[in-house]
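The block underneath contains the structure these notes are about, expressed in structure tokens.
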Amino acid sequence: QKTSAPERVVFIQDSKIVLSENNSKKVLEPLGYGNYIWASLSPDKSKLLFTFAGKGTYVSNLEGTILKKIGYANYPSWSPDGNWILFMKDIDDGVNIISSDVYIANLNSGKYFNLTSRSDDITLYPKWGITNSEIYYNTDNGQIRKIKLKYE
């Protein structure tokens, strides 16, 4: 007899969050009608991370109850341990991105850290490595860069 944890996946369909679990689907609109993007499950599959266009990025439980507001945080992703959110804060002029920095936010303390403030580059689309100590991002001119983090 094989017992396994429920197979949970989340995706966006028709601008809504869809949580699929063991062949059943649940549509979530935690902040009401609107355009939901960048939805993902926490590593332990107990929480949702998503962005609601025009309102910001949030963490909710699987019922859609908001647990934390991250704020203006584009392209968000969970750290491998589920305690941090990685994102970019990009600013555009309506056509081109004119500035962008990579940030992490600690979900327990609520503290934010700008990881690229000393860089003149426009830093985009950050992704976690396999561990919490590596982050990759690309610049607007196509370079891929790596950040090594030290936690104290």
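The values are calculated or read from the model by the stated rules, or taken from the named source; none is laboratory data. Just so you know, these numbers come straight off a predicted model, no measurement behind them. Reconstructed Cβ throughout: ideal geometry from the backbone, glycine too, with neighbour counts over all protein chains shown. Quick note on the areas: whole protein, heavy atoms, side chains included, nothing else; ligands and nucleic acids left out. Shrake-Rupley method; radii C 1.70, N 1.55, O 1.52, S 1.80 Å.
Side notes on the structure shown:
- In whole percents, the pair-distance distribution calculated for segment 79-141 from its alpha-carbon pairs, binned every 10 Å from zero, is 22, 50, 24, 4.
- Segment 1-72: GluC sites (Glu not before Pro) in DSSP coil with no more than 12 other Cβ atoms inside 10 Å: E7, E63
- For the chain: accessible area per residue (Å², 1.4 Å): 59
- Taking trypsin sites (Lys or Arg not before Pro) in DSSP loop states with no more than 10 other Cβ atoms inside 10 Å as exposed sites, the chain has its longest site-free stretch at 3-110.
- Cα lying deepest toward the dipole's positive end in segment 53-152, options N108, W128, W84, charges on Cβ: N108
- Here K111 is the anchor, and the aspartates and glutamates within straight C-alpha reach of less than 20 Å, apart from those fewer than 8 places off in the same chain, are D81, D90, D101, E134, E152.
- Debye-formula intensities of the chain, expressed as log10 I(q)/I(0) at q = 0.13, 0.15, 0.19 Å⁻¹, are -0.63, -0.82, -1.19 (one equal scatterer per alpha-carbon, no solvent).
- Above-threshold pairs, the threshold being 29 Å between Cα atoms, out of K25/K146; K45/K89; K26/K146; K69/K146; K55/K148; K16/K148: K25/K146; K26/K146; K55/K148; K16/K148
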